[in-house]
Amino acid sequence: MSPTPLSSDIQAIFNRIAPVYDDLNQWLSLGQHQIWKRMAVKWVNPQPGDVGLDLCCGSGDLARLLAQQVQPQGKVVGVDFSSAQLAIAHHRQMTQYAHLTLEWVEGDVLNLPFEAATFDCATMGYGLRNVTDIPRCLQEIYRVLKPNARAAILDFHQPQQAWMQTFQKWYLRSVVVPVAQHYGLTDEYAYITPSLERFPRGSEQVKLAVEAGFKQATHYPIAAELMSVLVVSKVSP
Ligand SMILES: C[S@@+](CC[C@H](N)C(=O)[O-])C[C@H]1O[C@@H](n2cnc3c(N)ncnc32)[C@H](O)[C@@H]1O
């Protein structure tokens, strides 16, 4: 298995891919990522007036979907350490959904710049697989959530069935990397496969969440097991 890259390398990758990130996401998932992101938002049961957090917000897709649910009085904070991604998030908000209350914060999700018990709900899309210290990230999420809050963490998932695993490997190698190559970003996208191999499986994610303090953690494979959502809660059901 390849070693975990440095945080600064990951930051550099996401700054470099920022200009094409949204287009590639849309093409490579055939628009399906919007459905998966909506599912993640639904799982945290956001209410009007809530203060939500979207971790590793990138260009702000998931933050926007969450913000739509907490309006009119609520707000969502998107946090990411890529200034290039945040610039796009801010521009998209100003040009496409200025009516939503969103705040963009440049910061490290391993050391969140927020007080304990600040947020009513949190989402994270394709972020946990990319952080260099997953237990620390889960502890930080636990710390900043209010006592009865939930978080939903969407990411790639390695399917159980052999033929789906083969399909996923083929897709990442033969579709994602060549498409990225077209944009001059081969290395940046070739990074997905090793990051997925290193990513803890569902039961391990649940164990790490419980160790971080969550009272309840459930891992849901979705999209024919190609993706999953880890739903964590600070209170028992
Ligand atoms: C694959 S993108 C996901 C963006 C967005 N959530 C989405 O679903 O489209 C991963 C994001 O995580 C951010 N990221 C990775 N590690 C981070 C860290 N330690 N702190 C803050 N952001 C981080 C990257 O800058 C990048 O924008």
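The set of residues from the range 116-131 being outside any strand (DSSP E or B) and within 7 Å of the ligand (Cβ to nearest atom) comprises Tyr126, Gly127, Asn130, Val131.
So that you can scan it fast, the table gives a plain yes or no per residue for (1) in contact with a Cys (Cβ under 7 Å, 6 or more places away or on another chain); (2) farther than 16 Å from Arg198 by Cβ; (3) among the hydroxyl-bearing types (Ser, Thr, Tyr):
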site	(1), (2), (3)
Ala117	no, yes, no
Thr123	no, yes, yes
Val131	yes, no, no
Tyr142	no, yes, yes
Pro159	no, yes, no
Val177	no, yes, no
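A count restricted to the range 138-164 and to residues that are in contact with a strand residue (DSSP E or B) (Cβ under 8 Å, 6 or more places away or on another chain), over 14 Å from Val231 (Cα atoms) and in a helix (DSSP H, G or I) stands at 1.
Condition first: more than 17 Å from the chain's Cα centre (by Cα), surrounded by fewer than 16 Cβ atoms within 10 Å (Cβ to Cβ) and in contact (Cβ under 8 Å) with a residue 24 or more places away in the chain. Can you find one or more residues in the range 132-144 that meet it?
Yes: the range 132-144 contains one or more residues that are more than 17 Å from the chain's Cα centre (by Cα), surrounded by fewer than 16 Cβ atoms within 10 Å (Cβ to Cβ) and in contact (Cβ under 8 Å) with a residue 24 or more places away in the chain.
In the set (1) within 25 Å of Asp120 (Cβ to Cβ); (2) near the ligand (Cβ under 10 Å from one of its atoms), the condition left unmet by Asn15 is number (1).
For every residue, the table says whether it meets (1) more than 9 Å from the ligand (Cβ to nearest atom); (2) hydrophobic (A, V, I, L, M, F, W, C); (3) modelled with pLDDT under 95.
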residue: Gly60; (1), (2), (3): no, no, no
residue: Gln93; (1), (2), (3): yes, no, no
residue: Glu106; (1), (2), (3): no, no, no
residue: Leu110; (1), (2), (3): no, yes, no
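The values are calculated or read from the model by the stated rules, or taken from the named source; none is laboratory data. The structure presented is a predicted model; accordingly, all values stated were derived computationally and were not measured. Because the Cβ atoms are built from the backbone with ideal geometry, glycine has one as well, and the counts that use them run over all protein chains shown.
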